[in-house]
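The values are calculated or read from the model by the stated rules, or taken from the named source; none is laboratory data. Computed from a predicted structure; not experimentally measured. Quick reminder, even Gly has a Cβ in these numbers, built from the backbone with ideal geometry, and neighbours come from all protein chains shown. When the accessible area is computed, the model is the full protein with side chains, heavy atoms only, and any ligands, DNA or RNA have been set aside. Shrake-Rupley method; radii C 1.70, N 1.55, O 1.52, S 1.80 Å.
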Amino acid sequence: MDLIVFALSLSVFILGLAVFANRARARKDIPFELTPNCLLTRWPILFVTGPRSIFYFSKFWNLHPVFLTEHGYEVFTVHLPWKNADQRRQRFEEFLSQQENHKRHFHLVVDSPTFTELESVLRGRRSSAIKSITEMTDDSSKQESKSLFALPVPFATIECRLSKAEPKLLKLSYRLHKYMVKPIRPASLSTLGAIDETAIQNCQLLLERASNLAEMDLRDET
């Protein structure tokens, strides 16, 4: 009986920790100043959710989409299944087919684990919906590509700056998240825009990339 009570109490504690950590992170407001005169992309910027778990599922990209939206960019997020790689690839291919049928285009933003998962699709399928690919990465999650096929669209990697000053609750919940998504090596909290110390710096790197994509769109249009 005591063992059952302990197990139930532990389950309630873990669930409460997961919910509280997600809510605290999603509600975090990191102030920033706008950069004036940004050249806007012709096509929307599309963020793809990486591997998720009960300890990390809400507002996956944290400040990044908000930062670009506040600068005038059209931003969307596509939510893939939480962890299963086959299901994630299948859902992504279905999404591409839908966008191709509607003749929509976008600039793709992914983290390193997601790029690795979807690499065969991105290299092997020349989708008219994808205008560019941007991989946001860091030393802890970056993986070398073994593919022999070149990407059919412009590609760039953003090397994000890392921080060790992570709030204790967020650090604990993210460690549990990493454990739950093994053997995947998820991107760092800094790369995902969740840490105050590096969020603005990494958002600025993404903003520079968006400006370059806007110039590319303008050249293509003319």
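What number comes out for the charge environment of His105, summing +1 per Lys or Arg and -1 per Asp or Glu over other residues with Cβ under 11 Å away?
In short, +1.
In degrees between 0 and 90, to the nearest 10, how far off the longest principal axis of the chain does helix 2-26 point, with axes built from Cα atoms?
Long axis of 2-26 versus the principal axis of the chain: about 30 degrees.
Normalised by the number of residues in region 150-222, what is the relative contact order in percent for Cα pairs under 8 Å and 6+ residues apart?
Rounded, it is 34 percent for region 150-222.
Where does each of Arg185, Arg175 land when they are ordered by accessible area, with a 1.4 Å probe and the largest first?
My answer, sorted largest first, is Arg175, Arg185.
Just grab the label-to-label distance for Gln87 and Phe155, each label 7 Å out from Cα along the Cβ direction, in nm (one decimal).
Inter-label distance under the simple model: 2.7 nm.
Could you give the C-alpha radius of gyration of region 37-188 expressed as a fraction of 2.2 N^0.38 Å, taking N as the number of residues it contains?
1.05
So how much slack lies between Tyr179 and Glu208, counting 0.36 nm per residue of separation and subtracting their Cα-Cα distance, in nm?
So the extension gain works out to 7.1 nm.
For the chain, what does the helix formula give at 222 nm: sum of -39500 (n - 2.57) over DSSP H segments with n ≥ 4, over the residue count, nearest 500 deg cm²/dmol?
Using -39500 (n - 2.57) per qualifying helix, the result is -15500 deg cm²/dmol.
Under a 10 Å cutoff between Cα atoms, tell me which one of Glu33, Glu197, Glu159 has the largest fluctuation in the Gaussian network model of the chain.
Glu33
Using only Cα atoms, tell me the angle between helix 85-101 and the longest principal axis of the chain; keep it within 0 to 90° and round to the nearest 10.
Roughly 30 degrees between the two axes.
Give the lysines whose C-alpha is closer than 16 Å to that of Lys28, dropping any in the same chain fewer than 8 places away, or say none.
Lys59, Lys168, Lys171
How much accessible area per residue does the chain have, in Å², with a 1.4 Å probe?
Roughly 55 Å² per residue, with all protein chains present.
State the percentage of accessible surface on the chain attributable to carbon and sulfur atoms; use a 1.4 Å probe and exclude ligands, DNA and RNA.
Accessible surface attributable to carbon and sulfur in the chain totals 56 percent.
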